Amino acid sequence: MRMLKYAIAASLIAAAPATMAQQQLSIATGGTGGTYYPYGGGLAELINNHIEGYSAVAEVTGASVENMGLIYRGDSDIALALADTVHQAYSGTGDFEGRQLPDTRALASIYPNAVQIVTLADSGIESLQDLKGKRVSVGAPGSGTELNARALLEANGITYDDFTPQRLNFNETADAIRDGDIDAGFWSVGPPTSSILNLATTRDIRMIGLTDEEVANAREVEPVFAAYELRAGLYEGMDEPAQTISVPNVLVVDASMDEELAYQVTKVLFEQTDELIAIHPAANDTTVEFSVNSTPVPFHPGALRYYEEVGAEVADHQRP
């Protein structure tokens, strides 16, 4: 009998770690040279520090388009993605024509991505039209950067036939510009971003600004685009501001996520924002107001509960 008691006690002890184990969440981000990865790492820290029963880790990915697939397949629990990519996935349009993801839900829009077109100061490239005939990185395959670059270019009469496109991630793009392997590159990322900061310390760079007409043309093609000014001094040697376009970034989950978990993640996002700002300045834009003004798809019911608790005005299209 005593042996049986010991056996039962031993089995309970063995089982204890399993019952106490935290459920791990995967956060799909982007490349290490952008804003998604440090921001996602910051969000993982918030979850680890403030949500009982869960731990989280940020994963390096190909960013927006790939991230939507990771959420759909259940390979990631939370993802960062550009608003235009999220809307296309939800509605089955654009790059997601014929493969609609109707269970796409948002926890929040967290900050705007600015399209940043960078070249060396002595390249002779001063405008969007000057990219014709050049070697240009349009972003990593499956990234929101490429979606934005293509939309901006085509809205202004430029196709991939007009230049030599390279599909490089942020760090690769910066290295290729520095080494003279390409002439210019696109980033769609929260400014300032580490890969451009690093490039600007080793080479004199120029940020290619857009005209009012180019911004208007882009907004006509893609309604989630908004005008945005990159401030002077954002990067070393950037003496003047540059006009560009921006796109909100959305924190995406599947409709099947537990409602209480979605509520807790949304709550900690907005109530512990100072911890995120300490990791990346893009989190200065992580506000309830920005989120409800920018999110193009329905919120998850758990997130919706938080917005209603704090008295935010949620639009009809943001309700599931």
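Could you list, bin by bin from short to long, the percent of Cα-Cα pairs of region 187-291 in 10 Å steps? Cα pair-distance distribution for region 187-291, in percent: 12, 34, 33, 17, 5. Expressed as a whole percent, the accessible area of the chain that falls on carbon and sulfur atoms is 47 (1.4 Å probe).
Per-residue Karplus couplings for region 93-105, computed as 6.51 cos²θ - 1.76 cosθ + 1.60 with θ equal to phi - 60°, are listed in order as 10, x, 5, 10, 4, x, 9, 4, 10, x, 8, 5, 9 Hz, Gly and Pro entered as x.
Report the normalised scattering of region 48-169 as log10 I(q)/I(0) at q = 0.09, 0.12, 0.17 Å⁻¹, calculated by the Debye formula with identical scatterers on the alpha carbons. Once normalised to I(0) and log-transformed, intensities are -0.33, -0.55, -0.94.
Out of Glu308, Glu126, Glu66, any idea which swings most in a Gaussian network model of the chain, alpha carbons joined below 10 Å? Result for the chain, Cα springs under 10 Å: Glu308 fluctuates most.
Computed over the chain with a Gaussian network model linking Cα atoms closer than 10 Å, the most mobile of Ala44, Ala81, Ala108 is Ala44.
Working note: 222 nm ellipticity from helices only, DSSP H runs with n ≥ 4, each -39,500 (n - 2.57), summed and divided by the residues of the chain, gives -12000 deg cm²/dmol to the nearest 500. Based on Cα contacts under 8 Å between residues 6+ apart, the chain shows a relative contact order of 23 percent.
Using only alpha carbons, region 185-248 has a radius of gyration to Kirkwood radius ratio (Rg to Rh) of 0.99.
The residues of region 46-85 present an accessible area of 38 Å² per residue when probed at 1.4 Å with all protein chains retained. Antiparallel DSSP bridges in the chain: what percent, to the nearest 5? Restricted to the chain, the bridges split so that about 65 percent are antiparallel.
In the context of the full set of protein chains, region 87-222 has a per residue accessible area of 40 Å² (1.4 Å probe).
Each principal axis of the Cα atoms in the chain has its own extent, and those three values, largest first, are 88, 43, 38 angstrom.
Which one, Val310, Val268, Val292, has the greatest fluctuation when you compute a Gaussian network model over the chain with C-alpha springs under 10 angstrom? Answer for the Gaussian network model of the chain: Val310.
For Glu289 and Glu259, the difference between the fully extended length at 0.36 nm per residue and the C-alpha to C-alpha distance is 8.6 nm. Within region 100-173, all pairs of alpha-carbon atoms sorted by distance into 10 Å bins from zero give the percentages 16, 45, 26, 11, 2. Solvent exposure of region 230-320 amounts to 44 Å² per residue of accessible area, where only protein heavy atoms count and the probe is 1.4 Å. Measuring how big region 247-308 is from its alpha-carbon positions, Rg and Dmax come out at 11.6, 32 Å.
For Asp258, no residue 5 or more places off, or on another chain, has a built amide H under 5 Å of its own.
The values are calculated or read from the model by the stated rules, or taken from the named source; none is laboratory data. Keep in mind that this is a model prediction, so the values were computed, not measured. Protein only, heavy atoms only, side chains kept; ligands, DNA and RNA dropped before computing areas. Shrake-Rupley method; radii C 1.70, N 1.55, O 1.52, S 1.80 Å.
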